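Notes for the one structure printed next.
The values are calculated or read from the model by the stated rules, or taken from the named source; none is laboratory data. For clarity, every value in this text was computed on a predicted model and none was experimentally measured. Neighbour counts run over all protein chains shown; Cβ positions are idealised from the backbone, glycine included. Heads up: the accessible areas ignore ligands, DNA and RNA and are worked out on the full protein's heavy atoms, side chains in. Shrake-Rupley method; radii C 1.70, N 1.55, O 1.52, S 1.80 Å.
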Amino acid sequence: MAKIDSVHLTKRRWAVLLASCVINLCIGALYAWSVFSAPMAAHLTETAGKEITAADLSIVFSVGNGLGFITMIGGGFLNQKIGPKWVIFVGGILFGFGFVLCGFASNLTMLVVGYGLFSGLAMGLAYGCTISNSVKFFPDKAGVVGGIATASYGISSVIVPPIANALIERMGVSKAFIVMGAVIIVVVGVFSQMIVKCPDGFCPDGWVRPADRKESSQKIQAVDRDWKEMLRMPIFYNMIVMLFFGAALGMMAISQASNIAQNMLGMSPSAAAMVVSVLALFNTFGRIAAGIISDKVGCIGTLRGVFIAAMIAMVMLYVSGNGYVGLFYAGICAVGVCFGSFMGVYPSFTAAQFGSKNASVNYGIMFIGFNMAGLLGPLIVSGIFGMTGDYRYVFLAALMFAVVGLGLSFVYSKIEKASQRVSRI
């Protein structure tokens, strides 16, 4: 790459990161469903002439949250063909259109199509490109940038719900959906035009790519692996299973945080809602903090520490069931940090292991581990509580997940060392 291009892109990359964060903040509105569900249930009850509860609409969020990996992978291929700008642009239009469609919904099917399919799939289309392209632009700060980019998506669960609630109170749930959808289309449409594709092999001006590092998991690999090569490598399966256990142990606490607080500690609904907000804040903090730490000590070292912290957090939550509110808050904050850490580290972890050239597709495939955790984590919680009637046993199960994840982190190191010995032969 010519010197002038390197200088220009080194400056331009910060604008790309800013635009990516704004876009992620918008598509993070997918996690505002809890604000929409009750008023939409009341609206459909009136429209359909039969009672519909918020629980009846839970399938809407499940569909939206469970299909993102499909478009993350597909969007990754499109990113390589036409660049991230237009993939994100289309994703923003489809996401906003899904919200607008919900504004005209008169039955559950329309909600599933609008929120679940259009917005859910569009989220994966835009999110995968913003994350992978941002990390690729910052090989010198891959961990912290991955943390910032994913944190902008996570903080949406704190910022968007109050805005959505205010709109619902002012104009009703249907118009609120339409207004939010229109705003998202405009904002993502504008900021997507600030996105430029990071060239393969980009090196920031003034930064010398290290030939070697003590922490091998942080080293940007000389060989870029495509998805087929990645799937043939044993280390990929170790990484995706490790992601599943890490994300699942977080989901097991996060998905039912309000209910757990009310059931275990007798909190009021408003106090339990505060628990959810605090959890979301620490989730966001964990994404950034883990990214910074991983740039210093390496990805696998960071994840190993996170699994140990998660084990401590689950013990705290289990003991807090005896009525220790302060201990419960400490444990739930730690869980938020741990869960956020996995989301902040894995984009750069994937790029470091399999190269940055095909990071958008590779990370989309790796994200299947997170989607599976999002699907099975809440089901495990419901199953355990249904059998025992006590949420504390959920934390014991999550503790076992953390132990398994910690063990997998050591297996990772052994696999990596073995592969390095083979490559030197």
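Key figures
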read-out	value
Number of positions in segment 229-247 that are surrounded by 15 or more Cβ atoms within 10 Å (Cβ to Cβ) and outside any helix (DSSP H, G or I)	1
Odd one out for residue 377 among (1) at pLDDT 85 or above; (2) open to solvent by less than 20 Å² (accessible area, probe 1.4 Å)	(1)
Candidate set: segment 34-64, residues that are touching a Phe, Trp or Tyr at 6+ places or on another chain (Cβ under 9 Å) and open to solvent by less than 20 Å² (accessible area, probe 1.4 Å); chosen: the one farthest from residue 171 (Cα to Cα)	64
For residue 324: the one exception among (1) open to solvent by 40 Å² or more (accessible area, probe 1.4 Å); (2) touching a residue at least 24 places away in the same chain (Cβ under 8 Å); (3) over 27 Å from residue 140 (Cα atoms)	(2)
Hey, residue 119 open to solvent by less than 10 Å² (accessible area, probe 1.4 Å) and either part of a helix (DSSP H, G or I) or on the phi < 0 side of the Ramachandran plot (or both) or not	yes
Breaking point among (1) in contact with a Phe, Trp or Tyr (Cβ under 7 Å, 6 or more places away or on another chain); (2) under 12 Å from residue 288 (Cα atoms); (3) surrounded by fewer than 24 Cβ atoms within 10 Å (Cβ to Cβ), for residue 145	(3)
Odd one out for residue 90 among (1) closer than 30 Å to residue 12 by Cα; (2) open to solvent by less than 10 Å² (accessible area, probe 1.4 Å); (3) not hydroxyl-bearing (Ser, Thr, Tyr)	(2)
Residue that is nearest to residue 150 (Cα to Cα), among those in segment 26-52 that are of a type outside the set (Val, Ile, Thr) and part of a loop (DSSP other than H, G, I, E, B)	51
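Per-residue answers, yes or no, for (1) closer than 21 Å to residue 388 by Cα; (2) out of contact with any helix residue (DSSP H, G or I) (no Cβ under 6 Å at 6 or more places or on another chain); (3) surrounded by fewer than 24 Cβ atoms within 10 Å (Cβ to Cβ):
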residue	(1), (2), (3)
270	no, yes, yes
295	no, no, yes
299	no, no, no
343	no, no, no
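Condition check ((1) open to solvent by 20 Å² or more (accessible area, probe 1.4 Å); (2) β-branched (Val, Ile, Thr); (3) not in a helix (DSSP H, G or I)) across all residues:
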{"site": "302", "(1), (2), (3)": "no, yes, no"}
{"site": "308", "(1), (2), (3)": "yes, yes, no"}
{"site": "311", "(1), (2), (3)": "yes, no, no"}
{"site": "314", "(1), (2), (3)": "no, no, no"}
{"site": "337", "(1), (2), (3)": "yes, yes, no"}
{"site": "361", "(1), (2), (3)": "no, yes, no"}
{"site": "365", "(1), (2), (3)": "no, yes, no"}
